[in-house]
């Protein structure tokens, strides 16, 4: 629900329908990925949300997951957004190459958020829910 609201009421305007649909599906996939990572980490000796999540194994896993999710999002949103204007592969390649600086900054920023903020946020939410 939040992804529908966020994507529709974007300050830059709502996305075109195909891109809008993709964004909502991808944000849902991101939440599902978090649930799958949580299931994977449950029972691991280095995963202790009530104590400290800033262990090497956890931050590397969070960084990888965040990077993969962001990279997939950037490629596919460029593809679906490009289909609004043109359906040629040349247009997609040109659009992606022109946006490589944004993609790089977006990727680095999200990896840093997943590595440095997500462990603390999980600990905070775990303490609030207990």
Given the conditions (1) surrounded by 15 or more Cβ atoms within 10 Å (Cβ to Cβ); (2) under 27 Å from residue 130 (Cβ atoms); (3) in contact (Cβ under 8 Å) with a residue 12 or more places away in the chain, and given that residue 55 satisfies all but one, which numbered condition is not satisfied? (3)
Unmet criterion (only one of (1) free of Cβ contacts under 8 Å to residues at least 12 places away in the same chain; (2) over 17 Å from the mean Cα position of the chain (by Cα); (3) assigned to a helix (DSSP H, G or I); (4) under 26 Å from residue 25 (Cβ atoms)) for residue 82: (1)
Which condition number does residue 62 fail, the rest of (1) within 17 Å of residue 23 (Cβ to Cβ); (2) within 15 Å of the chain's Cα centre (by Cα); (3) surrounded by 14 or more Cβ atoms within 10 Å (Cβ to Cβ) being met? (1)
Tell me, yes or no, whether the range 13-33 has at least one residue that is out of contact with any strand residue (DSSP E or B) (no Cβ under 6 Å at 6 or more places or on another chain), surrounded by 15 or more Cβ atoms within 10 Å (Cβ to Cβ) and without any contact (Cβ under 8 Å) to a residue 24 or more places away in the chain. yes
Pairs where the first residue, in the range 102-130, is at negative phi and at pLDDT 95 or above and the second is part of a helix (DSSP H, G or I) and exposed (fewer than 12 other Cβ atoms within 10 Å of the Cβ), C-beta under 8 Å, 6+ apart: none
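The values are calculated or read from the model by the stated rules, or taken from the named source; none is laboratory data. None of the values given here were measured: they were computed from a predicted structure. Here the Cβ is made from the backbone with ideal geometry for all residues, glycine too, and neighbour counts use every protein chain on show.
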